[in-house]
Amino acid sequence: MTYNGADLIFPHLGIVIENLPNHITVFGYRIAFYGIIIGIGMLLGICIACADAKRRGQDPDTYIDFALYAIIISVIGARIYYVAFEWDYYSAHPAEIINIRNGGLAIYGGIIAAFITAFVYTRVKKLSFLSLADTGVLGLITGQILGRWGNFFNCEAFGGYTDNLFAMRIKESLVNPSMISEDVAAHMINDGEINYIQVHPTFLYESSWNLCALLFLIWFASHKKKWNGQVAVLYLLLYGIGRFFIEGLRTDQLLIPGTAIAVSQALSAVLAVFSLVVLVYMGRRTKGMPYIK
């Protein structure tokens, strides 16, 4: 079957996208869909957090105020994390360190920065860090759900070759050559004069996993929570598990220097194990205690 030069195809689902733009132009200024999607995700995340704050009898303005700091610092953290593990390139091109318009944000850097910001913010405002974290992670994972779709429009953050039900074909000319692994290149598909790679849509896997995690966390927070920090720890467990397996599929992993170990996969494993230990320990300590908001 030929696809008449379509940009992106899900062959087993019968989905064909003829043209996949990745930006719009306003008054001659290029605005990437990635940035627009991230922005929408942040706004929706704030709405989710504020809704949970109301349910808990808290002041939603606290989370709006916190978000103003957390968003800016998280973007900086995401950039620092990415640059740190791509230092061989950025040490030779220092002017590119602040050029985020060419990409290069790592979500784990943003998550770490968000938790640090929350800790400092609650100390200054004399609030409970664990309580704020329980509501804050609902907004955080909401932003992650939408944010992964920015990778879709950029044709990036995909996995290795697959022919499963969700296999995604991307026109080779739209993809950064450094992301095409030997295995993916070996399974290149030719459609007339156009080459396609066929890969795991890891953006879709992670977005879907995070959506399921969000729904579970909202339910848990409303019906099962027994101690402050429990929802935040559950978030770290669920995200860590999902990211561990999904990261293993990707072709653009950031590696621990001098090793072949993906740093995000290693961090995911550590977070998942740590979170599980905390949940088991606290589960024993709070057995028989009533649920709280």
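Arg30 meets the conditions (1) closer than 22 Å to Phe153 by Cβ; (2) charged (D, E, K, R); (3) touching a Lys or Arg at 6+ places or on another chain (Cβ under 8 Å) in every case but one. The failed one is (3). If we scan segment 138-150, do we find a residue that is touching a Gly at 6+ places or on another chain (Cβ under 9 Å), surrounded by fewer than 18 Cβ atoms within 10 Å (Cβ to Cβ) and under 20 Å from Tyr235 (Cα atoms)? No, because not a single residue in segment 138-150 is touching a Gly at 6+ places or on another chain (Cβ under 9 Å), surrounded by fewer than 18 Cβ atoms within 10 Å (Cβ to Cβ) and under 20 Å from Tyr235 (Cα atoms). Hey, does segment 216-224 have a residue that's surrounded by 18 or more Cβ atoms within 10 Å (Cβ to Cβ), among the basic types (Lys, Arg) and in contact (Cβ under 8 Å) with a residue 60 or more places away in the chain? No, there is no match, as no residue in segment 216-224 is surrounded by 18 or more Cβ atoms within 10 Å (Cβ to Cβ), among the basic types (Lys, Arg) and in contact (Cβ under 8 Å) with a residue 60 or more places away in the chain.
Within segment 29-54, the set of residues being out of contact with any helix residue (DSSP H, G or I) (no Cβ under 7 Å at 6 or more places or on another chain), under 25 Å from Ser222 (Cα atoms) and either surrounded by 21 or more Cβ atoms within 10 Å (Cβ to Cβ) or of a type outside the set (A, V, I, L, M) (or both) comprises Cys47 only.
Scanning segment 255-288 for residues being part of a loop (DSSP other than H, G, I, E, B) and either at positive phi or buried (at least 19 other Cβ atoms within 10 Å of the Cβ) (or both) gives a total of 2. When Asp252 is tested against the conditions (1) assigned to a loop (DSSP other than H, G, I, E, B); (2) out of contact with any helix residue (DSSP H, G or I) (no Cβ under 6 Å at 6 or more places or on another chain), the lone failure is (2). Scanning segment 104-146 for residues that are part of a helix (DSSP H, G or I) and either touching a His at 6+ places or on another chain (Cβ under 7 Å) or charged (D, E, K, R) (or both) yields a count of 3.
Taking first residues from segment 274-293 that are at pLDDT below 95 and partners that are outside any loop (DSSP other than H, G, I, E, B) and basic (Lys, Arg), the Cβ contacts under 8 Å between residues at least 6 apart in sequence or on separate chains come to Lys293/Arg55. Scanning segment 218-225 turns up no residue that is touching a His at 6+ places or on another chain (Cβ under 8 Å) and either of a type outside the set (Phe, Trp, Tyr) or modelled with pLDDT under 95 (or both). Scan segment 232-247 and give yes if some residue there is of a type in the set (D, E, K, R), out of contact with any Ser or Thr (no Cβ under 8 Å at 6 or more places or on another chain), under 20 Å from Ile112 (Cβ atoms) and crowded, with 21+ Cβ neighbours inside 10 Å, otherwise no. For segment 232-247, residues of a type in the set (D, E, K, R), out of contact with any Ser or Thr (no Cβ under 8 Å at 6 or more places or on another chain), under 20 Å from Ile112 (Cβ atoms) and crowded, with 21+ Cβ neighbours inside 10 Å: absent. The single condition among (1) in contact with a Ser or Thr (Cβ under 9 Å, 6 or more places away or on another chain); (2) free of Cβ contacts under 8 Å to residues at least 12 places away in the same chain; (3) closer than 19 Å to Gly41 by Cβ that Thr122 does not meet is (3). Going by the structure shown, is Arg243 among the charged types (D, E, K, R) and either closer than 21 Å to Gly45 by Cβ or free of Cβ contacts under 8 Å to residues at least 24 places away in the same chain (or both)? Spelling it out, Arg243 is indeed among the charged types (D, E, K, R) and either closer than 21 Å to Gly45 by Cβ or free of Cβ contacts under 8 Å to residues at least 24 places away in the same chain (or both). For first residues located in segment 92-119 and without any contact (Cβ under 8 Å) to a residue 40 or more places away in the chain, partners that are of a type in the set (Asp, Glu) and in a helix (DSSP H, G or I) and lie 6+ apart or on another chain with Cβ distances below 8 Å form the pairs Asn102/Glu96. If only residues of segment 176-207 that are part of a helix (DSSP H, G or I) and crowded, with 16+ Cβ neighbours inside 10 Å are counted, the one that is farthest from the chain's Cα centre (by Cα) is Val184. Among helices (runs of 4 or more DSSP H) entirely within segment 28-103, having at least 2 residues that are under 30 Å from Lys225 (Cα atoms) singles out 33-55, 60-84.
The values are calculated or read from the model by the stated rules, or taken from the named source; none is laboratory data. Only a predicted model underlies this, so the values are computations on that prediction, with no experimental measurement involved. Glycine gets a Cβ as well: all are built from the backbone with ideal geometry, and neighbour counts include every protein chain shown.
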